[in-house]
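Each value in this text was obtained by applying a stated rule to the coordinates, not by laboratory testing. A quick note: this is a predicted structure, and the numbers were derived from the prediction, not measured. Neighbour counts run over all protein chains shown; Cβ positions are idealised from the backbone, glycine included.
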Amino acid sequence: MPVTDVHHDLDTRTLTITADFAAPVHRVWEVYADPRRLEQVWGPPTHPATFVDHELAPGGRMTYFMTSPEGERYYAYWTVTSVDEPRRFTFDDGFALDETFAPDTSMPVSHNTYDFTPTEAGTRATFVATYESAEGLEKVLAMGVVEGSSLAINQIDDLLAA
Amino acid sequence: MSSSDEDRADAWFRALADRTRRDILRRVLAGEHSVSALAQHHDMSFAAVQKHVAVLERAGLLSKRREGRKALASGDVEAVRSVGRMLTELEALWRGRISRIDELLATEDPTTDQTTAQKER
């Protein structure tokens, strides 16, 4: 498993995950810079993501939807807040109301920082996500229950295959 | 997600946002403590510790009972687990993404990728 460290901070409602990838920084960056690659990793296999707008630039907007096995679509967006290619970018991740991608202001927004540092073996990635409130975190998890459970199954598969 | 669940989550996070309370909770999770014993550990007045204990009790993380003149506090293991569970669920989501990135990087042909990267430059 590439994940090397996980840190939960209950006070600041922050999750920090560190992972080592066996590929150079520019290839890890490409996963985020190329919408077709990002689609392959963002949604779980049961809920594939489709990116509509994709602008990895300061102030840029990313919009996407995830499709459930029943064909239901869940809309969401990113507002890119800073980009330092290929080392780091930050963005706010929120839910959208519908296919217009108008932000759903009743839903929480998370602040995210993705960092990529070259290592001897490839790339060390640090992913940090912060929620402003406990309710925010609760809501996101409530929405992600389906996704979470299918991922749990994948993880078991990965463990068995390892 | 009912609003009472959200109120509870709020109370948990508020209760845990204080170092003294986290320390009290760790002690009472390990075993029942009297409030006066907790006060000694923290070099604090009985009244101050009692206030912290009350916050934890209201959040449902700790329960109190009386034995004679003593107030005894113990931690609610289930409630504490629920807070951690929220962040753990989120972690599962991320772990899935990371393993997909890892697979994508491993299955892509690096030579094709380099040509694409060069073209883009």
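For this structure, a couple of remarks:
- Net lengthening on full extension, B:D7/B:M44 (0.36 nm per residue, minus Cα-Cα): 10.4 nm
- Legend: mean number of C-beta atoms from other chains within 10 angstrom of residue C-beta atoms, peptide A:28-35, equals 3.
- Solvent-free Debye scattering, log10 I(q)/I(0), computed from the Cα coordinates of the stretch A:1-67 at q = 0.15, 0.16 Å⁻¹: -0.68, -0.77
- Working from label points 7 Å from Cα in the Cα-to-Cβ sense, the A:H7 to A:D53 distance is 3.4 nm.
- In this structure, the amide hydrogen of A:V52, modeled 1.01 Å from its nitrogen in the peptide plane, lies closer than 5 angstrom to those of A:T63, A:Y64, A:F65, counting only residues at least 5 positions away or on a different chain.
- Hz values of 3J(HN,Hα) by residue in the stretch A:51-65 - Karplus curve (6.51, -1.76, 1.60), Gly and Pro given as x: 8, 9, 9, 8, 9, 7, 8, x, x, x, 10, 10, 10, 7, 9
- Cα convex hull of the stretch B:3-78 - mean projected area over all directions, nm²: 4.9
- The stretch A:76-134: Rg to Rh, with Rh as the Kirkwood radius over Cα pairs: 1.10
- Amide proton proximity set for A:R88, modelled H, under 5 Å, gap of 5+: A:F116
- Local electrostatic count at B:H41 - Lys and Arg +1, Asp and Glu -1, tallied over other residues with Cβ under 9 Å: -1
- ³J(HN,Hα) computed for each position of the stretch B:102-108 - Karplus, 6.51 cos²θ - 1.76 cosθ + 1.60, integer Hz, glycine/proline x: 4, 5, 4, 5, 6, 8, 5
- Other protein chain C-beta atoms within 10 Å of residue C-beta, averaged over A:124-130: 1.
- Calculated from backbone phi, Karplus (6.51, -1.76, 1.60) coupling profile of the stretch A:15-22 in Hz, x at Gly/Pro: 10, 10, 10, 10, 9, 10, 10, 8
- Cβ neighbours within 10 Å from other chains - mean over B:15-26: 1
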